[in-house]
Amino acid sequence: MPDVIVIGAGFSGLEAARRLAGDHEVVVLEARERAGGRTLTHSFANGDETDLGGQWVGPGQDRLYALIAAMGFGTYPLWDDGDHLVQAGGLKRYRGTIPNLSIPVLLDLNRALSRFEAMARQLDPAAPWTHPKAQEWDRMTVADFLKRHAFTARAREMFTIGIGAVFCAEPHELSLLHALFYARSGRSLDALLSVTGGAQQDRVHGGMGALAGAVAASLGDRVRYGEPVQEIGWDPTGVTVTTRRQSWRAKRVILAIPPSRALGINFDPALPSRRDALWRRMPAGACIKCVAQYDRPFWREAGLSGQAVGGKLAVRVTFDNTEQGKAAGQLLGFIEGEEARRWSEVPADTRRDAVLDAFAGFFGEEARTPIDYADKDWTSDPWTRGCYASVLGTGVWTALGQDLRKPLGPIHVAGTETAIHGFGYIEGALEAGARAADEVRAALA
Ligand SMILES: Cc1cc2nc3c(=O)[nH]c(=O)nc-3n(C[C@H](O)[C@H](O)[C@H](O)COP(=O)(O)OP(=O)(O)OC[C@H]3O[C@@H](n4cnc5c(N)ncnc54)[C@H](O)[C@@H]3O)c2cc1C
């Protein structure tokens, strides 16, 4: 009987297993036939790679940089030279994080952003519900905040696109307290939106999904694929984990899967009502990640960075995702929030055309003729069902947040959604995996 069963071979489960494997018998049960969860490296026909899931690492994400180095991978900066584009009543060029808008709009946007950042800085990311105004902020949505603190339609539109890019959700879906916590957990909203100096700064040579694959490979046959867990039963003598294929016994379990997926498992004894209520109120955001590959990064010839924002088409945020050292260029676009749910229902070819339409709207007609194309609809993936992470609506943090990391008997919970720092990010997945491993080590000592 293994000491520990880890459920889920995403970065969080792998980190927990890696930390325990030296001195405990560990088995990792993974539903898919691959490791990496919300990270996925795709190979184009010409052999170039792209990440269709999580890909970036930036300052402050020290655990992830350390893992990259420990596994012998390297990083390179995302292309960040040239002018960015904003579609705001016509296409305009700008530099930096804030688009080139009229002075009144800029002042309005800056004021709203500064206000948001100042509120976020006041929170304790380990216990956001303890802030004196937690109840008030948790009753408001980000849309309510915008009504109060942004007065021009354009500033609200830009803030909304920024929220979409960070949360894959609409302002009215998000508790203000959750949005403030998330920004605090990831350093600041500005850091989460920025390239150089921010969360989009660096990419991993070979791909982030490939890094997860390498971590899983280092664990050898401890990782079992095609083992979707259906039931977890526990009593004073240990835990029984039942997958589609077989039952396993262990002393402890680490559950490292998204909350919405945990609800698909039958628990015996039944989950406490608060935990059930919490997980039910932690649905994921919605995102389709789209990458077009071109014979060269042609937009650079026009002095453009490949970063564009705004407009009314399917894709409202783009990046130059070209692999360092490769001739072919890559444009990356995100379809987010309500748009993602809409485009998830549309045939793949129609969606591809819509994405290329949006790219052409920013970068010209050449964008309509890529040499290859790939996208990944995370909302329809049965083992993820949305991304980048859970989106908490009003009232959840203050009513139920205290239960987020509490073990359920011998079952410990990990996953990026239980992180204090880097909630929603790979960094948070690693922190949570390490914390759950510490809990198990202490319990088994
Ligand atoms: C499109 C996209 C872009 C992103 N961009 C970034 C980025 O640039 N930088 C960044 O840091 N983060 C990014 N993220 C978020 C990041 O990928 C996640 O926060 C992180 O990978 C989550 O890791 P995890 O281990 O907590 O969960 P997951 O990766 O979801 O791992 C959970 C694992 O559990 C498995 N599983 C689920 N149910 C069961 C079951 N019943 N039985 C067994 N196994 C099960 C799943 O198959 C999965 O492998 C992005 C995510 C997406 C989707």
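The values are calculated or read from the model by the stated rules, or taken from the named source; none is laboratory data. Since the model is a prediction, treat every value here as computed from it, not as a measurement. Every residue, glycine among them, receives a Cβ derived from its backbone with ideal geometry; neighbour counts consider all protein chains shown.
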Can you find a residue in segment 242-253 that is touching a Cys at 6+ places or on another chain (Cβ under 7 Å), farther than 22 Å from residue 403 by Cα and in contact (Cβ under 8 Å) with a residue 60 or more places away in the chain? no
Enumeration of residues in segment 83-97 that are touching a residue at least 24 places away in the same chain (Cβ under 8 Å) and either surrounded by 18 or more Cβ atoms within 10 Å (Cβ to Cβ) or under 27 Å from the mean Cα position of the chain (by Cα) (or both): 83, 84, 85, 86, 87, 88, 97
Answer from 245, 261 - the residue that is within 12 Å of the ligand (Cβ to nearest atom), part of a helix (DSSP H, G or I) and of a type in the set (D, E, K, R): 261
May I ask you to say which residue of 178, 172 is in a helix (DSSP H, G or I) and crowded, with 20+ Cβ neighbours inside 10 Å? 178
Could you please let me know if residue 39 is at pLDDT 95 or above, under 21 Å from the mean Cα position of the chain (by Cα) and within 15 Å of residue 426 (Cα to Cα)? yes
Condition (residue is in contact with an Asp or Glu (Cβ under 6 Å, 6 or more places away or on another chain) and over 22 Å from residue 417 (Cβ atoms)) applied to segment 84-101: is it met by at least one residue? yes
Determine which single condition residue 302 fails, assuming it passes every other condition in (1) small (Gly, Ala, Ser); (2) at pLDDT below 95; (3) away from the ligand (no atom under 15 Å from the Cβ). (2)
Can you name the number of the only condition in (1) part of a helix (DSSP H, G or I); (2) crowded, with 20+ Cβ neighbours inside 10 Å; (3) within 16 Å of the ligand (Cβ to nearest atom) that residue 392 fails? (1)
Of these, 233, 238, 226, which one is in contact (Cβ under 8 Å) with a residue 40 or more places away in the chain and more than 11 Å from the ligand (Cβ to nearest atom)? 238
Counting just the residues of segment 222-240 that are at pLDDT 95 or above and not in a strand (DSSP E or B), which one comes out surrounded by the most Cβ atoms within 10 Å (Cβ to Cβ)? 227
Here are some residues: 13, 47, 22. Which one is closer than 21 Å to residue 248 by Cα and surrounded by fewer than 18 Cβ atoms within 10 Å (Cβ to Cβ)? 22
Flag for residue 278 being assigned to a loop (DSSP other than H, G, I, E, B) and out of contact with any Ser or Thr (no Cβ under 8 Å at 6 or more places or on another chain): no
Here is a list of conditions, (1) over 15 Å from the mean Cα position of the chain (by Cα); (2) within 10 Å of the ligand (Cβ to nearest atom); (3) part of a helix (DSSP H, G or I), and residue 428 meets all of them except one; can you say which number that is? (1)
Please find, within segment 12-63, the residue that is farthest from residue 200 (Cα to Cα) out of those that are near the ligand (Cβ under 7 Å from one of its atoms) and in a helix (DSSP H, G or I). 13
Of residues in segment 1-11 being more than 6 Å from the ligand (Cβ to nearest atom) and part of a loop (DSSP other than H, G, I, E, B), the one modelled with the highest pLDDT: 3
It is to be established whether one or more residues within segment 368-375 are under 30 Å from residue 124 (Cα atoms), outside the structural domain of residue 140 (by TED's automatic domain parsing) and within 16 Å of the ligand (Cβ to nearest atom). no
Looking only at segment 410-426, decide whether some residue is surrounded by fewer than 24 Cβ atoms within 10 Å (Cβ to Cβ) and over 20 Å from residue 67 (Cβ atoms). yes
Which members of segment 119-153 meet the condition of being out of contact with any strand residue (DSSP E or B) (no Cβ under 9 Å at 6 or more places or on another chain), surrounded by fewer than 20 Cβ atoms within 10 Å (Cβ to Cβ) and more than 25 Å from residue 431 (Cβ to Cβ)? 132, 133, 135, 136, 143, 144, 147, 148, 149, 151, 152, 153
Any hit, segment 281-301, residues being part of a loop (DSSP other than H, G, I, E, B), out of contact with any Cys (no Cβ under 6 Å at 6 or more places or on another chain), closer than 26 Å to residue 15 by Cα and among the small types (Gly, Ala, Ser): no
